[in-house]
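Each remark here refers to the structure printed beneath this line.
The values are calculated or read from the model by the stated rules, or taken from the named source; none is laboratory data. The structure presented is a predicted model; accordingly, all values stated were derived computationally and were not measured. Glycine also receives a Cβ, built like all others from the backbone with ideal geometry; neighbour counts cover every protein chain displayed.
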Amino acid sequence: MSTVLPSATVTEPEDRLTKKALTADHPTWCPGCGDFAVLNIFYRVLEKLQYPHEKIVCVAGIGCSSRFPYFMNTHGIHFIHGRALPLATGISLSRPDVHVFVFGGDGDGFSIGGNHLNHAARKNVKLTYVIMDNFVYGLTKKQTSPTSPIGFKSKTDPTGSVDRPINPMKQLLASGATFIARTHAAQVKHMEQVFERAILHDGFSVVECLSECVMFYAGAFDDSTPRKGGTFETVDETQHDVTDEGAAFKLAENLAPGKFGVYYQVQRPTKNDLEQKWITETQAKIGGASQKDLLRKRLEAMR
Amino acid sequence: MSPGLYAPHSLRNAVIRFAGNSQDGIQSIGGFLARLAGRTAQEVMTYMTIPSTISGGPSIFQVHIGSGEVLHAGDEADVLVAFYQHSYDSHLGALRDGGVCLYDSGEVKEVRHERGIKHIGIPFTAATVEAVGGSTRDRGKNMFVLGLVCAVFNLDKEKLIGIVSRQFGKKDESVLRNAMLAFDAGFAYEVGDLERFAFEHGEAGDGHRISTDGNQMLTAGLIAAGVRYGAAYPITPWSSIMESLRAELPKYGGIYVQAEDELAAVSMTLGAAFAGHLAVTGSAGPGLSLKMEALSYASMAELPIIVINVQRGGPSTGLPTSVEQSDLMQAIYGSHGDCPRIVLAPQDVEDCFYIALEAGRLARKYSCPVIILSDQALSSRIEAFAEPDLDVHWVEPHIDLSTRREDYRPYPLDRTTQHAPPGSRMSSGKYPVISGLEHDEWGHPSGSPKMHSQMTGKRRQKLIDAAAEFPLPKVHGHQEGDVLIVGWGSTYGPIKESADRLPAEGFKVGALHLRHLHPLPNGLETIFNRYEHIVVVEMNDYGAYGYGQMATLLRARYCNPAIKSLCKTDGLAFRIREIVTGVEKHLAGAG
Ligand SMILES: Cc1ncc(C[n+]2csc(CCOP(=O)(O)OP(=O)(O)O)c2C)c(N)n1
Ligand code: SF4
Ligand SMILES: [Mg+2]
């Protein structure tokens, strides 16, 4: 075994991890912003899972939603726009003892960070990623996002956006993610169940969570909000086989407003496990030589 | 020595240039010779050119072997080995007057008898085919030539065969057999009218010596420094470091990741740093450009990482397989904002090991990015030097997951930041958030004008402290006088040798080499003040105002008008002659 990876530190049982212990700065979000509900549900899920406090890590890029780590009293890191996933990859691979949670917006995840999403997903890096999708750039005050529908009037598309939006579910399915779900910030029970399943998934789990920006795109999700006259339809897993990629693509055909729930879930070895397997096999081959002797041998071969 | 016969100036030194195509395996025989030199207590420095296309093309490998100090790969060759007519035509000019040209008489049809050069035609190809048997065609003619050179220079045949066998030993048995058939044929070949030579015994001290290139020594230095994680994206001439780390680190329990691009790579590396590890990313100029946003973050968030730039010719894709030192300003100032980071440059292959160790120590101590500026020449040239003593230099990696005290703050104003990685408990119950927004001592975002000034000062202080701890470099040669030649990076050897030659012209010359480029060590001005002229030698452009990048910095820092530049941008390492004549021009007031 590696001497570098800290073996799970033996910790005396601490107090129960409560919402109070997990709460940090008061969120700077606008009153009514959908992201509040996401934060509250995340507290609740962590309260339920009871991971050791010091082993929870929250990671984010830049955006309103990406402020998340400041509002969580856990180890956290607020990184740069779009690059939260590679940063989280570095944490996850080098510290198998911690739980890595990544938060961000639609711009952060699907635009500037789009390629990182593809690669973290295909590599099946062990972490959970929540994309708080508000169909708009919130922090920079209303520009078009890659999920804004055609016709959306923003500061960068004053006469209505013309570019075809991405289909987040299809995009994620194509990326090779092993857990893909869709939920809604106004449906807290549903959100809680989806988050919990995502976190318990052994691999790269990603959740698109529709979360309204009341400031710059109010009403964006009325069609999926029953009290605004919309319909909130969930995936019926007795009818939908979550391991069937083709079925998941079919389910993703129409997302306006589409269905909510788990679209896809399969087990595939994580990059974390594959790398560890390589380490174990390599170390078995070289026997019990100390690390210093290993390097010494390498230098001796240059004589 | 009788005129007409080959008479090298001294058999303490010889420069042999092999010129052929990259497919001919001249790199491998050059490598064998370099390794042999190291093993026989000789000094060696090699130089090669590699075509930037995969399909190959003209390529050379030059070996400078000497029994005394060898500081450069040789301005001109004593012996040229030409495989083709084009090799002959392109490289005859690099052969010194009265030198020896061995050429493949089956390929080179036209020779020019000039400058007292002795020509010896030998059918490399035909003799190899005859020795090995027709089926292999001309593969193995490099081994034939190696045998030939071994005989001509009276090299230690047994040791040489040992080195060759170890290399080929990993392959099919028949590969080694054929190689040895070709080698023996070359060794036994009757070259006729050519004197045989022998090197004097080397003077290297006790202990083992190793021969290798700069990228391999950076890799070894990183491992010794305790690096176990990181990520990168392939690019010439950086790739061989990431390839080695990828293959080696699992043995040490670590992981090196091939990322989707360079910004992802530095981000993953920062993730490992945040997680408590000493981690490394690297690239060449184009990749460093991509990493810049995250490097600015690393300064702000105060995360320790090592970043290697194996510089090549720029701008843009530039000259992927040529050398240049044009990324200095980028290394120091290339990111947005005032973002202090340390920049170091190794002076030779051996130093690559020690600079990596120092980078690791500084990154941890100051919790900031440390950039190592290597270059294409260092990455690929082979030198022989004393094997590093791991009992002295080995650093055991560790993560500090101790419970942090009640008063722990991630960004204390009165101390250098030392982060508490995930897994560390907080006695206060308050967990730190590492932040790229300006922040207060606890990491909370803060737009306070006062806080921004204070935090900028806190980050700046690292550079001030580092400058104070960096040793003042020693001047080689005259400690005061007419001219001080200043350099940094891979030009160390040629500058030192030039400084030794210039006094012959009656000048008092000193040479100063900088390994710590940013911040500069304290006290350099006292050295500069002792010379009439200061000539900064660098492989980059004079720019709009007539000064290279380091000269610009030194002029800004010391306001010393004696500081002048000697620059070049031909993508080749400095020759002694270029430095000597360039410095002389400055001395004559014509610079
Ligand atoms: C390199 C870089 N480019 C641009 C920005 C400006 N910027 C900050 S957040 C953002 C978009 C945020 O939109 P989204 O990710 O959807 O998050 P939201 O605010 O909607 O939650 C942009 C363009 C930046 N911080 N960094
Ligand atoms: S701008 Fe929109 S996304 Fe940002 S906090 Fe306000 S409501 Fe939320
Ligand atoms: Mg958004």
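Exactly one residue among A:Thr144, A:Thr128, A:Thr178 is in contact with a strand residue (DSSP E or B) (Cβ under 8 Å, 6 or more places away or on another chain), free of Cβ contacts under 8 Å to residues at least 40 places away in the same chain and either more than 17 Å from A:Tyr264 (Cβ to Cβ) or away from ligand 1 (no atom under 16 Å from the Cβ) (or both), and that residue is A:Thr144. A search for C-beta distances below 6 Å between a residue of segment A:64-75 that is at pLDDT 95 or above and any residue that is within 16 Å of ligand 3 (Cβ to nearest atom) and charged (D, E, K, R), counting only pairs 6+ apart in sequence or on different chains, returns A:Ser65/A:Asp35; A:Ser66/A:Asp108.
Test each condition in (1) crowded, with 16+ Cβ neighbours inside 10 Å; (2) outside any helix (DSSP H, G or I) for A:Arg268 and report the one that comes out false. The one condition A:Arg268 does not meet is (1).
Can you work out which of the residues in segment B:297-320 that are part of a loop (DSSP other than H, G, I, E, B) and surrounded by 19 or more Cβ atoms within 10 Å (Cβ to Cβ) is nearest to the other protein chains (Cβ to nearest Cβ)?
Looking only at segment B:297-320, we keep the residues that are part of a loop (DSSP other than H, G, I, E, B), and these are B:302-304, B:312, B:314-318, B:320.
With the extra rule that they be surrounded by 19 or more Cβ atoms within 10 Å (Cβ to Cβ), the set shrinks to B:302-304, B:312, B:314.
Working: B:Glu302: 12, B:Leu303: 9, B:Pro304: 13, B:Arg312: 24, B:Gly314: 24 Å.
The qualifying residue nearest to the other protein chains (Cβ to nearest Cβ) is B:Leu303.
Take B:Val108 and tell me if it is of a type in the set (A, V, I, L, M, F, W, C), assigned by TED's automatic domain parsing to the domain that holds B:Gly30 and not in a helix (DSSP H, G or I). Yes: the conditions hold for B:Val108. You will find that of A:Ile150, A:Ile166, the residue that is in contact with a Phe, Trp or Tyr (Cβ under 6 Å, 6 or more places away or on another chain), more than 13 Å from chain B (Cβ to nearest Cβ) and away from ligand 2 (no atom under 13 Å from the Cβ) is A:Ile166 and no other.
Does A:Ala218 qualify as being surrounded by fewer than 17 Cβ atoms within 10 Å (Cβ to Cβ), farther than 30 Å from A:Thr89 by Cα, within 14 Å of another protein chain (Cβ to nearest Cβ) and of a type outside the set (D, E, K, R)? Quick ask: steps written out before the conclusion?
Numbers: surrounded by fewer than 17 Cβ atoms within 10 Å (Cβ to Cβ): yes; farther than 30 Å from A:Thr89 by Cα: yes; within 14 Å of another protein chain (Cβ to nearest Cβ): no; of a type outside the set (D, E, K, R): yes.
No.
Number of residues in segment A:76-98 that are without any contact (Cβ under 8 Å) to a residue 40 or more places away in the chain and more than 13 Å from the chain's Cα centre (by Cα): the value is 8.
Listed here are the strands (runs of 3 or more DSSP E) enclosed by segment B:348-452 that have at least 1 residues being more than 14 Å from chain A (Cβ to nearest Cβ): B:369-375. When every residue of segment A:34-41 is checked against the conditions, at least one turns out to be more than 14 Å from ligand 2 (Cβ to nearest atom) and not hydrophobic (A, V, I, L, M, F, W, C).
Yes/no matrix, rows are residues, columns are (1) under 20 Å from B:Cys352 (Cβ atoms); (2) assigned by TED's automatic domain parsing to the domain that holds B:Lys564:
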site	(1), (2)
B:Leu463	no, no
B:Val483	no, yes
B:Ala499	no, yes
B:Phe507	no, yes
B:His513	yes, yes
B:His516	yes, yes
B:Gly523	no, yes
B:Asn529	no, yes
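Report yes if B:Tyr256 is at pLDDT 95 or above, part of a strand (DSSP E or B), closer than 28 Å to B:Gly423 by Cβ and within 10 Å of chain A (Cβ to nearest Cβ), otherwise no. Full working, then the answer.
Values: at pLDDT 95 or above: yes; part of a strand (DSSP E or B): yes; closer than 28 Å to B:Gly423 by Cβ: yes; within 10 Å of chain A (Cβ to nearest Cβ): yes.
Taking the combined requirement at face value, the residue satisfies it.
Could you say whether any residue in segment B:444-456 is buried (at least 24 other Cβ atoms within 10 Å of the Cβ) and among the β-branched types (Val, Ile, Thr)? The answer is no, given that none of the residues of segment B:444-456 is buried (at least 24 other Cβ atoms within 10 Å of the Cβ) and among the β-branched types (Val, Ile, Thr).
In the set A:Ala121, A:Ala88, which member is of a type in the set (Gly, Ala, Ser) and away from ligand 1 (no atom under 16 Å from the Cβ)?
A:Ala121
B:Gly121 falls short on exactly one of the conditions (1) over 20 Å from B:Glu195 (Cβ atoms); (2) at pLDDT 90 or above; (3) surrounded by fewer than 18 Cβ atoms within 10 Å (Cβ to Cβ), and that condition is (1). Restricting segment A:37-70 to residues that are of a type in the set (Phe, Trp, Tyr) and away from ligand 1 (no atom under 13 Å from the Cβ), the residue that is surrounded by the fewest Cβ atoms within 10 Å (Cβ to Cβ) is A:Tyr51.
Could you check how many residues of segment A:97-107 are within 8 Å of ligand 1 (Cβ to nearest atom) and touching a helix residue (DSSP H, G or I) at 6+ places or on another chain (Cβ under 6 Å)? Please lay out each step first, then the result.
Applying the first criterion (within 8 Å of ligand 1 (Cβ to nearest atom)) to segment A:97-107 yields A:104-107.
If we keep only those that are touching a helix residue (DSSP H, G or I) at 6+ places or on another chain (Cβ under 6 Å) as well, we get A:104-105.
Number of matching residues: 2.
Which of the residues spanning segment B:265-290 are outside any helix (DSSP H, G or I) and either among the polar types (S, T, N, Q) or at the interface with another protein chain (Cβ under 7 Å from one of its Cβ atoms) (or both)? B:Ala275, B:His277, B:Thr281, B:Ser283, listed by residue number.
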